[in-house]
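What follows is a short report on a single structure.
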Amino acid sequence: MNKYLMIAPLALGIHLATAADDMTAEFKQMMDGSFESSGIADKHRLYQLDFQAVCSSDRMPSAERLKAIEAEQMKTIRWPSDGKYTGDWKSGEKIAISGRGLTWSDKADTTNGGGCYNCHQLSHTEISYGTIGPSLLNYGKLRGNSEEMVKYTWGKIWNAKAYSACSNMPRNGDAEILTEAQIKDVMAYLFDPESPVNKP
Amino acid sequence: MKTRPMMLALAVAAAIAAPAAMAEGSTADGIAQYRAMLAEGNPAELWELAGEDIWKEKAGPKQASLEQCDLGKGPGVVKGASAALPRYFKDTDRVQDLESRLMTCMQTLQGISPDNFVKGKWGKGEMEKMEQIVAYVVGQSRDMKINVDMSSPQMKKMYALGKKAFFYRAGPMDFACSTCHGEDGKRIRLQDLPNLTKHEGAAAGWGSWPAYRVSNGQFWTMQHRLNDCYRQQRFPEPIYGSDVTIALSVYMAKTANGGTVMTPGIKR
Amino acid sequence: MGNPMRIRAAASDGVTEVKVLMNHEMETGQRKDSSGNLIPAHFITELNAKHGDKVVLQAEFGPSVSKNPFLSFKFKGGAKGEKVVISWVDNKGDSRSDEATIG
């Protein structure tokens, strides 16, 4: 049965309508009827990407599914066009602090923030930090700046789902939340020895 | 005798300006202390007071009061009503939360169109009155047990839909309700996040909204709270009283069942 | 005339504790609205509390006090059934006076 479902999921709706399918249809109808476009937040945002749908349950998908998503998402990462991975840590700090952008009360020309502090501890001085993500205090100091580490960090910021399929972290580069230049600045904030992330 | 009143603002500044080196535990203690001070004089009472008057006033094209409104415990019964909401109502054949039910009452008894709220602005016009009525009604369940009746198939279905909505990830940031409210002991900045998937967190969250928000001096209903969660999730805007908001309310209320109603609450 | 206050007063062991919740914007005069215009200041400047004919508290308020202020104080004396009257005046000359029975 399971095997059949996996091979021919399309046939399901036609031949094997179940209670679960009724529920799915009803759910879609509910969501569709419950939201409307507002400001820059268009209604199409409601419709899920494949991986978003897979990660929308209280149970983790199978290891296989996760791996497949990660491989797919890895392809979305764009490496810096000029080969430089870091910018200005001072502007990186502003981006890490700002949680602005992309809500229906923001304007289309709002400069988006990275909202890093909503979930991560970063610097030695800012005590108002969230704990949904791990602490990144002393990020560069603890991890060094090997090519491997720098590339991993860039990729993680660009699209966290490439490393952990159902990660809570947004796809900053892939979803065009931050620009390439902004990501460079955030990178500098994490790696620069003079940045308050690494210097008490 | 002339005295300057001891101002809450001063005490708050002291709590927040605590040294950076302070351990996390004592930051939380400071916040808890601040909350306790706020709770002593909850301005939501001013909304309750106004709401009680509005409940009894004749209004709308039909010039009727809400005193015959049935919130589930029979016409006119306000005591304990919100502790048992949402519930399934036969007359509308819908599961309704407090606010959608009040819209029904205003429409049928008073002739006030739901458009006043669905297309309304928070804190303005009829919506301001709705907020005051909500404050009054939820105050009439204070200290009671959260007690939603899950026996009907309609409530069971709404619970299942609400749970699905809770974990539904979408939008440019891939967020769901569960992103922030699915684990114990998490924070956004310094704001503690209740884990709404468990009884304790759901009782704390569901049990303390609607609430007065000190930071902006506004009274937020549960519909307003959910609306702003979706704003921060970068979703499109949920329609006032829509099924997704009611389904999520059923999911939270059922998980909170047996907890204590602390409404209207007071928040930072 | 301003909006009603919420006042509670309770006497025990010869001391009356009074809790007052005022309904007031308490606009500082330093904030701007969404179109960048300054919102005019509007705040309570003076408050006094009377027990019978006796003034038991007189206080100066200012723009640094929060919206919908809460004030709590105690005075010696007062017995169940007696009245406490709270009055305030704001910078626009508006005023409000409410009373509560000591419980």
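The values are calculated or read from the model by the stated rules, or taken from the named source; none is laboratory data. As the structure is a computational prediction, the values presented were derived from the model and not from experiment. Reconstructed Cβ throughout: ideal geometry from the backbone, glycine too, with neighbour counts over all protein chains shown. All accessible areas refer to the heavy atoms of the entire protein, side chains included, with ligands and DNA or RNA removed. Shrake-Rupley method; radii C 1.70, N 1.55, O 1.52, S 1.80 Å.
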Count - residues of the range A:1-39 that are more than 30 Å from A:ALA108 (Cβ to Cβ) and either at pLDDT below 50 or part of a loop (DSSP other than H, G, I, E, B) (or both): 18
Breaking point among (1) closer than 27 Å to B:GLU48 by Cβ; (2) of a type outside the set (Ser, Thr, Tyr); (3) within 14 Å of chain B (Cβ to nearest Cβ); (4) in a strand (DSSP E or B), for C:VAL55: (1)
Index of the failed condition, C:LEU38 passing every other in (1) within 11 Å of another protein chain (Cβ to nearest Cβ); (2) in contact with a strand residue (DSSP E or B) (Cβ under 7 Å, 6 or more places away or on another chain): (1)
Top-ranked residue in the range A:167-200 [being of a type in the set (Ser, Thr, Tyr) and in a loop (DSSP other than H, G, I, E, B); ranked as most open to solvent (accessible area, probe 1.4 Å)]: A:THR179
Odd one out for B:VAL148, checked against (1) outside any helix (DSSP H, G or I); (2) open to solvent by 20 Å² or more (accessible area, probe 1.4 Å): (2)
Sole residue being crowded, with 17+ Cβ neighbours inside 10 Å and free of Cβ contacts under 8 Å to residues at least 12 places away in the same chain, chosen from B:MET127, B:MET106: B:MET127
Residues of the range B:159-198 classified as touching an Asp or Glu at 6+ places or on another chain (Cβ under 8 Å), in contact (Cβ under 8 Å) with a residue 40 or more places away in the chain and open to solvent by less than 20 Å² (accessible area, probe 1.4 Å), total: 1
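Yes or no: the range B:200-216 includes at least one residue that is within 13 Å of chain A (Cβ to nearest Cβ), surrounded by fewer than 20 Cβ atoms within 10 Å (Cβ to Cβ), of a type in the set (Lys, Arg) and out of contact with any Leu (no Cβ under 8 Å at 6 or more places or on another chain).
Initially, the range B:200-216 is screened for residues within 13 Å of chain A (Cβ to nearest Cβ), giving none.
Taking every residue of the range B:200-216 in turn, none turns out to be within 13 Å of chain A (Cβ to nearest Cβ), surrounded by fewer than 20 Cβ atoms within 10 Å (Cβ to Cβ), of a type in the set (Lys, Arg) and out of contact with any Leu (no Cβ under 8 Å at 6 or more places or on another chain).
Quick one: is B:GLY80 surrounded by fewer than 21 Cβ atoms within 10 Å (Cβ to Cβ), closer than 28 Å to A:PHE35 by Cβ and under 20 Å from the mean Cα position of the chain (by Cα)? Let's see the steps before the verdict.
Values: surrounded by fewer than 21 Cβ atoms within 10 Å (Cβ to Cβ): yes; closer than 28 Å to A:PHE35 by Cβ: no; under 20 Å from the mean Cα position of the chain (by Cα): yes.
It is false that B:GLY80 is surrounded by fewer than 21 Cβ atoms within 10 Å (Cβ to Cβ), closer than 28 Å to A:PHE35 by Cβ and under 20 Å from the mean Cα position of the chain (by Cα).
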Condition broken by C:ASP33, with the remaining ones in (1) at negative phi; (2) touching a strand residue (DSSP E or B) at 6+ places or on another chain (Cβ under 9 Å); (3) not small (Gly, Ala, Ser) satisfied: (2)
Qualifying residue in the range C:64-87 (condition: more than 12 Å from chain B (Cβ to nearest Cβ) and polar (S, T, N, Q)): yes
Residue in the range B:177-194 that is among the basic types (Lys, Arg), under 15 Å from B:ALA256 (Cα atoms) and more than 14 Å from chain C (Cβ to nearest Cβ) present: no
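Out of A:SER146, A:SER128, A:SER135, A:SER167, I need the residue that is without any contact (Cβ under 8 Å) to a residue 60 or more places away in the chain and in contact with an Asp or Glu (Cβ under 9 Å, 6 or more places away or on another chain). Which one? Even if it seems obvious, please write down each step before you answer.
Values: A:SER146 fails: in contact with an Asp or Glu (Cβ under 9 Å, 6 or more places away or on another chain); A:SER128 fails: in contact with an Asp or Glu (Cβ under 9 Å, 6 or more places away or on another chain); A:SER135 fails: in contact with an Asp or Glu (Cβ under 9 Å, 6 or more places away or on another chain).
Every option except A:SER167 fails the conditions.
Restricting attention to the range C:22-29, does a residue exist that is among the β-branched types (Val, Ile, Thr) and assigned to a strand (DSSP E or B)? Explain how you work it out, then say what you get.
So in the range C:22-29, the residues among the β-branched types (Val, Ile, Thr) come out as C:28.
Restricting the remaining residues to those that are assigned to a strand (DSSP E or B) gives none.
For the range C:22-29, residues among the β-branched types (Val, Ile, Thr) and assigned to a strand (DSSP E or B): absent.
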Qualifying residue in the range C:6-19 (condition: within 10 Å of the chain's Cα centre (by Cα), open to solvent by 50 Å² or more (accessible area, probe 1.4 Å) and under 19 Å from C:ALA100 (Cβ atoms)): yes
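Does the range B:237-249 contain at least one residue that is away from every other protein chain (no Cβ under 11 Å) and on the phi < 0 side of the Ramachandran plot?
Filtering the range B:237-249 for residues away from every other protein chain (no Cβ under 11 Å) gives B:249.
Imposing the further condition that a residue be on the phi < 0 side of the Ramachandran plot reduces the set to B:249.
Yes: one or more hits.
Condition check ((1) open to solvent by 80 Å² or more (accessible area, probe 1.4 Å); (2) touching a strand residue (DSSP E or B) at 6+ places or on another chain (Cβ under 9 Å); (3) within 30 Å of B:LYS164 (Cβ to Cβ); (4) of a type in the set (Lys, Arg)) across all residues:
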{"site": "A:GLN52", "(1), (2), (3), (4)": "no, yes, yes, no"}
{"site": "A:MET60", "(1), (2), (3), (4)": "yes, no, yes, no"}
{"site": "A:ARG65", "(1), (2), (3), (4)": "yes, no, yes, yes"}
{"site": "A:GLN73", "(1), (2), (3), (4)": "no, no, yes, no"}
{"site": "A:SER81", "(1), (2), (3), (4)": "yes, no, no, no"}
{"site": "A:THR86", "(1), (2), (3), (4)": "no, no, no, no"}
{"site": "A:LYS90", "(1), (2), (3), (4)": "yes, no, no, yes"}
